[in-house]
Amino acid sequence: MELRATRLDRRLTQPQIVAKMKEVEALDAKFEEEAKIQANLNALAGQKVAAPAAAAQSVDLSGTAKTPDVLDRYDTDEYKKAFMNYVLTGKKIPAELTNVDANTKTSDVGAAIPTTTLQKIYEKIEATGMILPRVTHTSYKGGVTVPTSSAKPTASWVAEGEGSDKQKKALGSITFAYHKLRCAISMSLEVSIVTYPMFESQFVANVAEAMVKAEEQSIISGSGSGQPKGITKETVVTGQNIDIAAATTALAYTDLVKAEALLPQAYDADAVWCMTKKTFFEQIVGMVDDKKQPVARVNYGLSGKPVYSLFGREVVLVGDYLPSFTASVTADTIFAFIFNFKDYLWNENLGMTFRKYTDNATDDEVTVALALVDGKVVDKNSLVTLTKKKA
């Protein structure tokens, strides 16, 4: 302040200097108060701010400092190394790394897959699966009843000053159970692999391959008893099924048109055709309408992969999850359907775990991935099925 006053003295009178000094002091006080307020705001946001000092007025407002994260015991380097040894050699993971109770037999305890590894497994499943990325994923607790809607309300035009009839919303419910999904995994890894990243890449590929097929199969045709209930096991809305007579040896253009006509327009936007590749190429590709225009198209996107469509609607080829169309069947068989996969809930009660044990009967080393899951259709209004009748 003395240096500042000396410079001002060359141009200002003494009363002016005093006034300017008071203004500077007021600004200093205001800055300190604002710094305190900013420090409190940053503290609420998890930032670290230096306490304001009257001499230096130094405040860290960068926001780079963070509060320590909560430690995930399943994502530590020690746990990852122990997990790798467990998979490769069968060596049990130390109790202190899993919080296992002292009275629990270590031979009966599986291993939770490390957090980041589990995330990569789910990413791999989502990338390789045909059906799982399309359904709605939830994590409701088993036994919880989830409300569903079975009808849509309608609006009505009314005259000025008049009201409309109250509509009771038709509601249903579903209850998720605990179904244990157990998939055997073939780990063709050498014990000489000692780096976790190398082990992780192989482990993720093996687990994803083993789990995807079982999960997607249950979504399409699961019985609902001890496993999720599949789409084709649902009782369709009255009038939303096309029966193909037993004597029919090939699909007709009119069969496909009828199926499209039965799909309610309210559910038209996101619904897709589902069938096997054999059904699509043997029965539909090459089919033409009465104007000789093809009803099915196979295009190739920017990635070079084929994109299938029928009447402009996407066709999802579901591999072996559905039976293909045949001239004769021994029982009524659904071989194709239209459905919006968002109307199917895939619920996971327990994250995926991993277990390795010895089969006492065969002395084989068995490696399995375990998860508690369930799945159900929550709105079947978008479901239209094509059924081949038995002789």
Sites V368 and S139 - FRET efficiency at Förster radius 22 Å, r taken between beta-carbons, to 0.05: 0.50
Using the per-residue mean of other Cβ atoms lying within 10 Å as a proxy for protection, in what order, highest first, do the peptides 234-247, 214-227 fall? 214-227, 234-247
If r is the Cβ-Cβ distance from D270 to S328 and R0 is 51 Å, what FRET efficiency results, to the nearest 0.05? 0.90
In nm, what is the difference between 0.36 nm times the number of residues separating D77 and Y196 and their Cα-Cα distance? 41.9 nm
List the residues whose amide H sits under 5 Å from the amide H of I242, counting only those 5 or more places along or on another chain, with H placed 1.01 Å from N in the peptide plane. T385, L386, T387
In Å², nearest 10: area of E32 left accessible to a 1.4 Å probe: 50 Å²
Compute the distance in nm between two label points, each set 7 Å from the Cα along the Cα-to-Cβ direction, one at A19 and one at K291. 8.8 nm
For L372, the residues 5 or more places away or on another chain with a placed amide H closer than 5 Å to its own amide H are L181, N349, L350
Based on the alpha-carbon gyration tensor of segment 278-327 and its eigenvalue square roots a ≥ b ≥ c, which shape applies: rounded if a/c is under 1.5, prolate if not and a/b is larger than b/c, or oblate? oblate
Of K81/K213; K180/K376; K233/K388, those spanning more than 18 Å from alpha-carbon to alpha-carbon: K81/K213
What are the ³J(HN,Hα) values, in whole Hz, obtained from phi via the Karplus relation 6.51 cos²θ - 1.76 cosθ + 1.60 with θ = phi - 60°, for each residue of segment 270-282 in sequence order, with x given for Gly and Pro? 9, 6, 10, 7, 10, 6, 7, 5, 5, 4, 5, 7, 7
Whether segment 292-352 is rounded, prolate or oblate, judged on the alpha carbon gyration tensor where a/c under 1.5 counts as rounded: oblate
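The values are calculated or read from the model by the stated rules, or taken from the named source; none is laboratory data. Just so you know, these numbers come straight off a predicted model, no measurement behind them. Heads up, the Cβs are rebuilt from the backbone with ideal geometry, glycines too, and the neighbour counts pull from every protein chain shown. The accessibility values were calculated without ligands, DNA or RNA, using every heavy atom of the protein model including side chains. Shrake-Rupley method; radii C 1.70, N 1.55, O 1.52, S 1.80 Å.
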